[in-house]
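Quick notes on the structure that follows.
The values are calculated or read from the model by the stated rules, or taken from the named source; none is laboratory data. Model, not experiment: these values are computed from the prediction. Don't worry about glycine lacking a Cβ; one is built from the backbone with ideal geometry, like all the others, and counts go over all protein chains shown. Protein only, heavy atoms only, side chains kept; ligands, DNA and RNA dropped before computing areas. Shrake-Rupley method; radii C 1.70, N 1.55, O 1.52, S 1.80 Å.
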Amino acid sequence: MLKMAVLVSGGGTNLQAILDAIEEGRIANASVGVVISNNPGAYALERARSHGIEAVCVSPASYADRECYHGALVQTVQSYQVDLVVLAGCMVVMPKAMIEAYPDRIINIHPALIPSFCGTGFHGLSVHEKVLERGVKVTGATVHFVDEGTDTGPIILQKAVDVLQGDTPETLQRRVMEQAEWQILPRAIHLIANGKVSVEQGKVVIKE
Ligand code: GAR
């Protein structure tokens, strides 16, 4: 049984998609051991508690500096003895110590088709604003392993979503979540939990 720590920052709809998929059997052989937020007001914490899952806030505001905060974050994750760290709407850039502690064991959902609209400054609604500004006709979402770069790790799954005339960042965000994020994040977890995902020469190979 793969035990996960899910790291969140906000609403937690991706966390909800994971919890629903576990309940419905679309994710087999995996459980959420803890949900950790940097933001004490994150609704994701409520979602976790209402499912009987331990929900913890590790806030940068509680620590003297970034180094102390990073140390506490890594220590908290390690204290739950998890096999996989899932960044589900987590706006904190993972510290080097976390990446070293969990090589090819941290995954992230990004709301665009990497390598487009990703990297520093591309997160949350701003990704969709930039997609609309550029006028691309297709966007989507990506699940990838996290390495030391920003959105540079091996890609596990991607799904394309049409951009429609008249879209606002909010309508586009919702469509990308519904049609892509909430499907490919649970799917990627299921594949990892069931030994179907390996990284070979920097690229993901999936045994279906
Ligand atoms: C999601 O769209 C997720 O892909 C994005 O933040 C949103 C969080 O929503 N993540 C990033 O931008 C990471 N770079 P949620 O809290 O409802 O899951």
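Where in the stretch 60-152 are there trypsin sites (Lys or Arg not before Pro) that are in a DSSP coil and have at most 14 other Cβ atoms within 10 angstrom of their Cβ?
Hits after loop and neighbour filter: Lys137.
Show me the ranking of peptides 75-82, 27-34 by mean Cβ neighbours inside 10 Å, starting with the highest.
Ranking, from highest mean packing down: 27-34, 75-82.
For the stretch 157-208, which trypsin sites (Lys or Arg not before Pro) are both in a DSSP coil and crowded by at most 10 other Cβ atoms within 10 Å?
Lys207
Take the solvent-accessible surface of the protein heavy atoms, probe 1.4 Å, and return the percent of it on the chain that carbon and sulfur atoms account for.
49
Amide H of Ile36: which non-local residues (sequence gap of 5 or more, or other chain) have their own amide H closer than 5 Å, using H built in the peptide plane?
Answer set, sorted by chain and number: Val6, Leu7, Val8, Val56.
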